[in-house]
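Right, one structure below, let's go through it.
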Amino acid sequence: MARDGRPVRARGLLGKFAGSMELPREVMLDVPRVIMIGTLQVHVENHKGILEYTPSRVRVRTPDGVVTVSGRRLRIGRIGREELTVDGRVDRVEIEDGPAPRREKPSP
Amino acid sequence: MIERLWRFLHGYVVLKVRGPRLERFLNRAARAGVWLWDVERLGTGMLVARIPAASFRKVRSLSRAQGWRIAIADKVGLPFLLVALARRKALVLGALLSLAALYVASGYVWFVQVEGDEELPVQRVLDVAQLAGLRPGVPRNAVERHEVQRALLLEIDELSWAAVRIDGTRAVIEARLRAGLDPKASLPGDIVAARDGIVQQVMALSGYPMVGEGDTVRRGDVLISGFIPPDDPLHRELLEAGRPPYVRADGIVTARVWYEGRAFVPLIQQVEEPTGDRAWGIEFEWSPVRWRLGGPPRSFAAYRESSRSWQGTVGSQNVGVHWVTYEKVERRTVEISAEEAEETARDAAKAQLEAELPEGAAIVAGPYETVEISLQLGVPAVAVTVRAEVIADVAAFKEIQF
């Protein structure tokens, strides 16, 4: 079973179907879409909430794991139900593949 | 840009949020459908975020339930501006009135300018334009530009072209003078004799010659006529074109003419000799009245006066101050010899003749002198007349008066 509850096999099939039909996979598969604009901005679609936010690190929960943005003078450019943007000087973006914690960490 | 404008139009608030686990606050708000932007962490337990003004109640209710303290740091946008303005009715009214005044005033012509040649009769152009309806203070859409242009061209003969354009509240009349010939130079007329004389040569460039070589003419006689006689085909052509059968006569008519210079010198003359006595006076002028302070004393039987003046105008009145000097003179009579008088008179008569002669005229006979002694106002005087006969152009144009 995958984290979103869908069997791995089903995701594989859906992925193939979406690929052959040229459909957006993030919609079909319920995975995050992460866009970087240079080192200035990181845009995350289909997020599940912020786990941690400090000026040097932002951790965002997604269906596929935790996206961690590290950098300097980070701030949340905008945040809505499904998408968020992190602005500032981005040094590193990581995706931790593993079960995402349900609860937000307390801020340091 | 569009998003910023949208936010401004709808209004937004800048929130300060304090409390534990502020990430959770952001997630809750986002999940509740609230957009947050420019979120900045100011410290461990505090962040600043901007949210639409309409979402404030929603955010307040969810933060109350979770124990976050929120405070409004700023309110930005049109709705807040309108509320602030609504409290200052006089300011809004004033602004609206000045806008309205500006709008109304921009519908009128406030300045009329004339552009074009330097020699343009600017005042006349403005006067004609005013009569045609273009003057400061008229509504812009009431200005009939073509009417004004037509009036300018009809009323002012010197203009060859005129245009009116309206730039905002400024009307500009552009005009050009006719280049080259004076329009009067095309009016029909005759060539007449400028002096008495005997015609020597007639060269008619246009018109009909009325005199021939050897004819004696008097001043004012027609030498070349501008009238085209009925037997000339041009006569009919002109009539058919709706014009009178006249042309502008032109040509050269040379004639032998006499010029003379004449001078009198009395044999008994009165001379004035200054005695050295002087007096002063000051005159104040406020037209047409003059007041005088000081003046020549009674002892001055004869005097010469000279003055220095300052003059100006106040409204339509002339005003002035005149500083007058009176110089006492003694008059006595002196007798001069006939030869001396004749010499003086001859010089004066010659000088007069030379001044009379047209430039470049060739003297063909003379100068002849006549010397006579006559009584001028009861005083014997020597009169000298100097005459010369020259060949000169006597043609003078005279416009035909219909």
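So is B:Val39 surrounded by 16 or more Cβ atoms within 10 Å (Cβ to Cβ), out of contact with any helix residue (DSSP H, G or I) (no Cβ under 9 Å at 6 or more places or on another chain) and among the β-branched types (Val, Ile, Thr) or not?
no
Scan segment B:134-176 for residues that are surrounded by 15 or more Cβ atoms within 10 Å (Cβ to Cβ), free of Cβ contacts under 8 Å to residues at least 24 places away in the same chain and more than 16 Å from B:Leu120 (Cβ to Cβ) and report the count.
1
Can you name every residue in segment B:326-378 that is on the phi > 0 side of the Ramachandran plot and surrounded by 12 or more Cβ atoms within 10 Å (Cβ to Cβ)?
Just the residues of segment B:326-378 that are on the phi > 0 side of the Ramachandran plot, to begin with: B:360, B:366, B:377-378.
Selection gives B:Gly366 alone.
One residue is enough: does segment B:240-263 have a residue meeting the conditions assigned to a strand (DSSP E or B), under 30 Å from B:Tyr368 (Cβ atoms) and of a type in the set (Lys, Arg)? Spell out how you get there, then give the answer.
Here is the first cut: in segment B:240-263, the residues assigned to a strand (DSSP E or B) are B:246, B:248, B:250-263.
Subsequent filtering for residues that are under 30 Å from B:Tyr368 (Cβ atoms) retains B:252-263.
If we keep only those that are of a type in the set (Lys, Arg) too, we end up with B:256, B:262.
There is at least one residue in segment B:240-263 that is assigned to a strand (DSSP E or B), under 30 Å from B:Tyr368 (Cβ atoms) and of a type in the set (Lys, Arg).
When segment B:116-146 is examined, which residues are found to be modelled with pLDDT of 90 or more and of a type in the set (Asp, Glu)?
Once the filter is applied, which keeps residues that are modelled with pLDDT of 90 or more and of a type in the set (Asp, Glu), segment B:116-146 yields only B:Asp127.
So B:Arg124 fits all but one of (1) touching a helix residue (DSSP H, G or I) at 6+ places or on another chain (Cβ under 9 Å); (2) buried (at least 16 other Cβ atoms within 10 Å of the Cβ); (3) not in a strand (DSSP E or B); what number is the exception?
(2)
Give segment B:50-79 a look and list any residue that's of a type in the set (A, V, I, L, M) and at pLDDT below 90, or say none. Walk me through how you get there before you give the answer.
Quick first cut of segment B:50-79, residues of a type in the set (A, V, I, L, M) only: B:51, B:53-54, B:59, B:62, B:65, B:70-73, B:76, B:78.
B:Leu62, B:Ala65, listed by residue number.
Does B:Arg195 fit the bill of being assigned to a loop (DSSP other than H, G, I, E, B) and under 30 Å from B:Glu343 (Cβ atoms)?
Numbers: assigned to a loop (DSSP other than H, G, I, E, B): yes; under 30 Å from B:Glu343 (Cβ atoms): yes.
So B:Arg195 passes the test.
Please verify whether B:Leu102 is in a helix (DSSP H, G or I) and more than 14 Å from chain A (Cβ to nearest Cβ), treating the condition exactly as stated.
Details: in a helix (DSSP H, G or I): yes; more than 14 Å from chain A (Cβ to nearest Cβ): yes.
The answer is yes for B:Leu102.
How about segment B:1-86: which helices (runs of 4 or more DSSP H) wholly inside it have at least 3 residues that are more than 14 Å from chain A (Cβ to nearest Cβ)? Please lay out each step first, then the result.
On the way: elements: B:2-10, B:22-31, B:56-66.
It comes to B:2-10, B:56-66.
Give the residue, chosen from A:Arg33, A:Arg75, A:Arg89, that is touching an Asp or Glu at 6+ places or on another chain (Cβ under 6 Å), away from chain B (no Cβ under 13 Å) and either without any contact (Cβ under 8 Å) to a residue 24 or more places away in the chain or surrounded by fewer than 17 Cβ atoms within 10 Å (Cβ to Cβ) (or both).
Working: A:Arg75 fails: away from chain B (no Cβ under 13 Å); A:Arg89 fails: touching an Asp or Glu at 6+ places or on another chain (Cβ under 6 Å).
Only one candidate qualifies: A:Arg33.
The values are calculated or read from the model by the stated rules, or taken from the named source; none is laboratory data. Remember, it's a predicted structure, so these values are computed and weren't measured experimentally. FYI the Cβ positions are ideal-geometry reconstructions off the backbone, even for glycines, and counts take in every protein chain you see.
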